[in-house]
Amino acid sequence: MDLEIAGITAAASLSPDPGAQFHLLQQVREAVLSGEQPPAPPRPMVSESWRRSLAAHVDPDHYRPPVVYGSEEVADVRSAHPLHAVVPLLRELLVGIADESRHVMLITDADGTILWREGPSDICRRADPIGLREGVRWTEDAIGTNAMGTALAIDGPVQIYSAEHLVRTYHPWTCAAAPIHDPDTGTTFGAIDVSGPLHTLHPAVVCLVNAAARLAEGHLRDLMESRDERLRAANMRHLTGLRGEAGALLTRTGRVVAAQPEMRWPGRISVPPGADRVLLDGGLEALVEPLPEGYLLRVPRPARAADHRAKLSLSFLGDRPAAVLDGRELPLTLRRAELLAVLALHPAGLTAEQLALHLYGDEGNPTTARSEVHRLRAQVGESVMDPRQYRLRADVEADFLAVRAALRAGDVRTAAAACHVPLLARSEAPAIRAERYQLLAALRSAVLDHHDLEALWTFGQSEPGSDDLEVFERLAGELHPHDPRQAVAAARLAWLLTEDDEEERSPGEVRRRAADR
């Protein structure tokens, strides 16, 4: 027998005989209640529960579990309770075990009132007179230390053995319980309990009950996610109808299940009953529109001055494509980044057919392109994308356009400094691949032709120029011998030449050529 489950410290000496343990625990209880030194201290969890129960004026020598629901009321209460959905699962997991071990399975609500009881008929008959039946409340303040009430009080699994029950009536019983939580709000729905005569105690019962509670919570989470999906399916049209305004779908409990555009919404928003608007973090005010299964929140777009144009900044020459609209970063997929880049390269606009060709090649479908534009317009709003044609109407600043402009102006240093990574390196869209190649070819030609060693060095440190043999031949030959970069360039050149030769020469020939250089 596990000494901790038996309810005393490991320092105590116990007999393996359940009867002897029963008498020892009674001695511990009597000593504690009379203020004397017990033969062994009770478990801290049990001691704290006794203190709470006594503070609630529970009489240790009498039982008075209050009846909350009459037999004619229990059925209606059960049918409306959230745990009704997991009773079949818990019945399958525990009732068979309870039958064999001479226990009953009990399920309570969050107030500790028993709503379900199942088990062998003879054990149920023994449980009836002491209040272990439907409709009776078993919180600590009502009936003292017990597994159901204490599990709810400490919000964790509990096993109470024999005289660990504060009220003497229940000393012939043992029980194990664990709370079940709402996967949505985290609040407690109730508790699952297995109770029976003390001689049937097994240390694994509390682990079994706790596992059953966790499985019940998993089942409740699956049901919640199914409801979320139905809410999204039925109401996404409300979000897309906002045409770029910030909006979110909320469950009845205020949990955000969808948002458009994907701004930084909190995970949960409190919506007071009857409220027509709520205040979000940062001072934004959202309007509340009730839905059959939740709420639609929308943040009206602030009125703009007539001459104001949205500002869209695109950074596509980096490790991660980024877009910033009026100071707010937009979440981007690669496809949306490609679409923005293509539209930025064609400020006059494109047809759906042209856009499909640029994004997908000869097999491109204009319908697919229209869908992509529709989703992007819903994200950024009509102030950024013209609703009548496929073009950007915002003021666009793009790093790849800045490289183009610098090359046209002959500012090779600025162009080389900006283009340290190829344009949208992971993109396979035909227009992006073409622009990537042309931009790098123009930049390479410019840095080689302008005889500007600073620009040439900058290009050599970039990803496109790091393996360029001609660039490092020029740097190794033209940098001053006392310039520390000359040695770096020479070493890089030697490595590139070695890599170039390795495919055609033996390792010995490679070493000799390296020594000659």
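The values are calculated or read from the model by the stated rules, or taken from the named source; none is laboratory data. What you see is a predicted model; the values in this text were computed from it and never measured. Don't worry about glycine lacking a Cβ; one is built from the backbone with ideal geometry, like all the others, and counts go over all protein chains shown. Please note that ligands, DNA and RNA were not included when accessible areas were found on the heavy atoms of the full protein model with its side chains. Shrake-Rupley method; radii C 1.70, N 1.55, O 1.52, S 1.80 Å.
Fully extending the segment from HIS238 to HIS482 would add 81.0 nm, taking 0.36 nm per residue of separation and subtracting the current Cα-Cα distance. With a/c under 1.5 counting as rounded, go ahead and sort region 183-302 into rounded, prolate or oblate using the C-alpha gyration tensor (a ≥ b ≥ c being the square roots of the eigenvalues; past the cut-off, prolate if a/b is larger than b/c, else oblate). Prolate shape, in that a/c is at least 1.5 and a/b is the bigger ratio.
In the chain, the calculated helix contribution to ellipticity at 222 nm averages -13500 deg cm²/dmol per residue, counting -39,500 (n - 2.57) for every DSSP H run with n ≥ 4. Peptides 337-344, 353-360 ranked from most to least packed give 337-344, 353-360, packing being the mean of other C-beta atoms within 10 angstrom over each peptide's residues. With R₀ fixed at 56 Å, the C-beta to C-beta distance from HIS346 to HIS219 puts the FRET efficiency at about 0.60. Share of carbon and sulfur in the accessible area of the chain stands at 51%, probe radius 1.4 Å. Surface exposure of region 11-158, expressed per residue as accessible area with a 1.4 Å probe, stands at 47 Å².
The figure for CYS175 is an accessible area of roughly 10 square angstrom, using a 1.4 Å probe on the protein chains alone. Of the residues LEU497, VAL471, LEU345, the one whose Cα sits farthest toward the positive end of the charge dipole of the chain, with +1 on the Cβ of Lys and Arg and -1 on the Cβ of Asp and Glu, is LEU345. Averaging Cα coordinates gives a centre for region 210-267 and one for region 44-83; these two points are 35 Å apart. This model, with +1 at the C-beta of Lys and Arg and -1 at the C-beta of Asp and Glu, gives the chain a dipole about its Cα centre of some 1160 debye.
The slack in the chain from VAL421 to ALA441, taken as 0.36 nm per residue of separation less the alpha-carbon distance, amounts to 5.9 nm. For the pair ASP141 and SER371, label points projected 7 Å from Cα toward Cβ lie 5.8 nm apart.
Extension gain, ASP395 to ASP467: 0.36 nm times the residue separation minus the Cα-Cα distance gives 22.3 nm. Principal-axis analysis of the Cα atoms of the chain puts helix 71-80 at an angle of about 10° to the longest axis. Summarising the label geometry, the points placed 7 Å from Cα in the beta-carbon direction at SER71 and GLU499 lie 8.6 nm from one another.
Summing Lys and Arg as +1 and Asp and Glu as -1 over all other residues whose Cβ lies under 15 Å from the Cβ of ILE432 gives a net charge of +1.
In plain terms, the bigger the Kirkwood radius, the slower the diffusion; for the chain, with that radius from Cα pairs, at 25 °C and 0.890 mPa s, Stokes-Einstein puts D at 82 µm²/s. Translational diffusion of region 257-377 was estimated from the Stokes-Einstein equation, with Rh taken as the Kirkwood radius over Cα pairs; at 25 °C and 0.890 mPa s the coefficient is 142 µm²/s. An oblate overall shape is assigned to region 416-507, the ratio a/c of its alpha-carbon gyration tensor axes (a ≥ b ≥ c) being 1.5 or greater and a/b not exceeding b/c. Note that region 342-432 shows a convex hull volume over its alpha carbon atoms of 109 Å³ per residue. Highest mean first, the peptides 476-488, 213-225 sorted by other C-beta atoms within 10 Å per residue fall in the order 213-225, 476-488. Residues whose amide H comes within less than 5 Å of that of TRP116, counting only those at least five positions distant or on another chain, are ILE107 (H built at 1.01 Å from N in the peptide plane). Rounded, prolate or oblate: pick one for region 116-203, where a ≥ b ≥ c are the square roots of the eigenvalues of its C-alpha gyration tensor, a/c under 1.5 means rounded, and failing that, prolate if a/b is larger than b/c, else oblate. Prolate is the answer for region 116-203, as a/c is 1.5 or above and a/b outweighs b/c. Compared with the dominant principal axis of the Cα atoms in the chain, helix 366-380 is inclined by about 70°. Here the spin labels are modelled as points 7 Å beyond Cα on the Cα-Cβ line, and at ARG102 and ASP276 they lie 6.7 nm apart.
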